Amino acid sequence: MASEPQATPTGPATAPSVRQPTAQWARGPAVPVASVVFALAIGAIFVLLSGHDPIAAYIDLFRGAFGSPYDITETLIQTIPLVLAGLAVAVAFRTGLFNIGAESQLLIGAVAAGAVGARFADLPGFVLFPMVLAAGIGAGAGWAAIAGYLKAARGVNEVITTIMQNYIVVFVMHWLLQNGPMTAPNALGTPASAPIGAGAVLPIIIPNELVPLTRLHAGIFLAIAAVVVFWFLLWRTPLGYELRAVGLGARAAAQAGIDPRTRIVIAMAIAGGFAGLAGMIQVTGVFHRVFDGFSSGYGFDAIAVALLGKNSPIGIALAALLFGAFARGGSIMQANAGVSAQLVSVIEAVVLFVIAAELIVRVLTARRRERKPLEAIA
Amino acid sequence: MKRALAFLLLATTVVAACGGNVAASPTPSATASATATAKPIQVGLVTDVGGLNDKSFNQAANTGRLNAEKDFGLKTSVIESKKQEDYVPNLTTFAQQNYDLVIAVGFLMQNAAWKVAKQFPNVKFAIIDGAPANDAGNTENLPNVANLFFKEQEAGYLVGVIAATMAKNMVGKATHNTVCSMGGIPIPPVDHYIAGYQDAIKTISPTTTILNGYSNDFVDQQKGKEVGLNHISKGCDILFQVAGGSGLGYIAAAKEKGVYAIGVDVDQIDVAPGTVITSAMKRVDKAVYDTSNAVKSGSFKAGDNFFSATNDGIAFGKLDPVVPADAKAAADKALADIKSGAIKPKTDLTVK
């Protein structure tokens, strides 16, 4: 599957990227695919070292992720938040920003959705669901916009602010959910909020007779819609053009009459909206409440997803599916082949390492290319 | 155009993958049930997010699993949960593969176990430290779920005997006749430990000052350390932690200030040699081992199962050389008295 699209898009690789930014994503599925293959090879060495059969382990990994309809639906459940958080990172990347705060944007979206969903639990679905949706997206967007504003108005590095925001939300959640205003009196042994109203719950989309026990919820449609919105927004609207222009060169964009400062705030707000939607979907689709320790690093995996997916819509969807499959398949591999699920983390780390190395090379060569014409002018 | 092509490719691949699997799926499950009668008893263990190397109850549960596999000729597997949302699918995975017993480690999985156990009435489940809890958070016993509880107050009592003896006789660095404890969050299993501890101290050394506090956390070491330093500043020189990872900070405070600490759940003597003098242990490994055996021998019992001194489900850990012989003798005697029923440690706190 992965090797087929690889052949066609490598063609325009020589085309100048600035004039054809749309084609940029298509330039290199070769690198992501190669990095995954390389990472699997490294992973195989570790499996061998731990005294197991790598082929058997990978077969179990694949079977765990796609081996039965139930497994596929579980993989997709893992994929949904990764897609949305990946988009949150990618929107910022496209605007030249490094959004490390997708985690806190996701969490605050979840908290807002959970709070509204529980507070107005008795409202009918057609009123409650839009409210919860707006709360999740709005909270994520507003929260991320703060980092955008600080960058635009004060020049504060968004890497620093978004990392600090992650801590703020985690500790606010401790307060809210451990004997705080959101704590439910009877919370399943773990600090958690009261359940959201039935009207806000995303329905299971596959009937139990078809795939017994499946938990696949309608959030997958929201995730697909978000991918389309991401593509349309960035490549089919004036705003998207401006964001990408700022991302390619803020000073050049300013010369062309695009104020980078407002675009930075807008880009962060959009990014936060995607991440907030991810949190909202986890609340309304999977847990039906918020609890402490809600996300275990989707916002951080999302950085890897965006990089592996080259910040392109399809790339992110595929990368998220890969990471979702790793997450689901890893558990099954451990159960059946006896290989530690930590192997998956090794593979993911190697993927990220290769991608990052490629990024460094690209940035260095791009710098050299930029400098040359300038020297020529002088 | 290229993009459309790629979308199409993706779509066809996904459809093909789904279609192929729907058709293929009945075969493996059919063969699985056909061979079900011939295969050995299968036990699956699902850890909570603490993971296999938590030096606490997940690790202890895994030890029990491996021992049971060796001694009873079982086929066993383990899945580490990385996220709370993995609990349901991980438990489901074992249940779908027709495992005979699926063990959920930790009260965090009460709701997940309830969900899955209801769907698989023919599979037996066990929850360490918990009972099935429905979506409203209320306990609801199920006919195929064993709730494995521990009498933590008994383990707390045993280490309380050692602490009280040392405080009373001013052994080593214990010079202020003040002993303390710290819980994570005030939930029943935590408070039971502390209640037993305080009961022993009040019984053996009524003049000893007792302090208690909470870190309100099971993970954050810094919070535990702050409570510990505060306790030590008030004269505590024996500190008993019942707070998981946060409790390691409590022990660290004791180490820093050169006083004594008592570990919990598993033998924590190696956490800080010279500081940790003993540990209040609940034998999670024994619970897993015994429950696996019960499934094999057909004596599996749903509902509440208690592990206590009577069935060696609780104990005190290895002792540091500083612990005098009379303290050990007193703890051994207390253990015998609890077994015989002569001592019944309290479950309510004496000092809040």
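Say the cut-off is 23 Å between C-alpha atoms; which of B:LYS151/B:LYS301; A:LYS151/B:LYS223; B:LYS151/B:LYS202; B:LYS223/B:LYS344; B:LYS223/B:LYS257 go over it? Beyond 23 Å between Cα atoms: A:LYS151/B:LYS223; B:LYS223/B:LYS344. Put a plus charge on the Cβ of each Lys and Arg, a minus charge on the Cβ of each Asp and Glu, and nothing anywhere else: the dipole of the protein assembly as shown about its Cα centre is then about 1780 debye.
Surface burial for A against B, with a 1.4 Å probe and both sides summed, reaches about 3800 Å² of accessible area.
Under the simplified labelling scheme, the A:VAL37-B:THR207 pair shows an inter-label distance of 8.0 nm, with each label point 7 Å from Cα along Cα→Cβ.
A P(r) calculated from all alpha carbon pairs of segment A:31-154, with 10 Å bins opening at zero, reads 11, 24, 26, 23, 13, 3 percent.
Computed from backbone phi with θ = phi - 60° and the Karplus coefficients 6.51, -1.76 and 1.60, the 3J(HN,Hα) list for segment A:160-175 is 5, 5, 5, 5, 5, 4, 4, 5, 4, 5, 4, 6, 4, 5, 3, 5 Hz; x is used for glycine and proline. The mean accessible area for residues of segment A:28-89, using a 1.4 Å probe and ignoring ligands and nucleic acids, is 36 Å² per residue. Of the residues A:HIS217, B:HIS192, the one with the largest accessible area comes first in the ranking B:HIS192, A:HIS217, computed with a 1.4 Å probe on protein heavy atoms. Residues considered: A:SER35, A:SER295, A:SER68. Largest GNM mean-square fluctuation over chain A, using C-alpha springs under 10 Å, is found at A:SER68.
A crude spin-label estimate for the pair B:ASN311 and A:LEU233, with each label 7 Å from Cα along the Cβ direction, gives 5.7 nm.
Between B:LYS118 and A:ALA256, the modelled labels are 5.7 nm apart [label points 7 Å from Cα along Cα→Cβ].
In chain B, the DSSP-assigned H stretches of four residues or longer account for a calculated mean residue ellipticity at 222 nm of -14500 deg cm²/dmol, using -39500 (n - 2.57) per stretch and the full residue count as denominator. Atom-type composition of the exposed protein surface of chain A places 69 percent of the accessible area on carbon and sulfur (1.4 angstrom probe). Burial of accessible area (probe 1.4 Å, heavy atoms of protein chains only) in segment B:93-109, relative to its chain alone, reaches at least 20 Å² for B:THR93, B:GLN96, B:GLN97, B:PHE107, B:LEU108.
Any residues in segment A:304-348 that have 50 Å² or more less accessible area with all protein chains than in their chain alone, probe 1.4 Å, and which are they? Relative to the lone chain, where solvent access is computed with a 1.4 Å probe, segment A:304-348 loses at least 50 Å² at A:ILE314, A:SER331, A:GLN334, A:ALA335. Accessible surface calculations at 1.4 Å, restricted to protein heavy atoms, place segment B:38-150 at 33 Å² per residue. First compute the accessible area of segment B:38-150 with a 1.4 Å probe, then give the percent of it belonging to carbon and sulfur atoms. Carbon and sulfur together cover 49 percent of it. All other residues with a Cβ under 10 Å from the Cβ of B:VAL145 taken together, and with Lys, Arg as +1 and Asp, Glu as -1, what is their net charge? With Lys, Arg at +1 and Asp, Glu at -1, the neighbours total +1. The residues of segment B:219-332 have, on average, 38 Å² of accessible surface per residue, using a 1.4 Å probe with all protein chains present.
Mean sequence separation of contacting Cα pairs (under 8 Å, at least six apart), scaled by the length of chain B, corresponds to a relative contact order of 17 percent.
In chain A, the calculated helix contribution to ellipticity at 222 nm averages -23500 deg cm²/dmol per residue, counting -39,500 (n - 2.57) for every DSSP H run with n ≥ 4. A cut-off under 11 angstrom between Cβ atoms defines the neighbours of A:GLU74, and their net charge, with Lys, Arg +1 and Asp, Glu -1, is -1. Using the Cβ of A:PRO181 as centre and a radius below 15 Å, the other residues enclosed give a net charge of +1, where K and R count +1 and D and E count -1. Computed over segment B:38-150, relative contact order equals 24 percent, with contacts defined as Cα pairs under 8 Å that lie 6+ residues apart.
If you take every DSSP beta bridge whose two residues both sit in the protein assembly as shown, what share of them, in percent to the nearest 5, is antiparallel? Within the protein assembly as shown, antiparallel bridges account for around 15 percent of the total. Would you kindly give the portion of the calculated P(r) for the protein assembly as shown that falls above 52 Å, as a percent of all Cα pairs? It works out to 18 percent of all Cα pairs.
The values are calculated or read from the model by the stated rules, or taken from the named source; none is laboratory data. Here the structure is a predicted model, which means the values were calculated and not measured. Quick reminder, even Gly has a Cβ in these numbers, built from the backbone with ideal geometry, and neighbours come from all protein chains shown. With ligands, DNA and RNA removed, areas are computed over all heavy atoms of the protein, side chains included. Shrake-Rupley method; radii C 1.70, N 1.55, O 1.52, S 1.80 Å.
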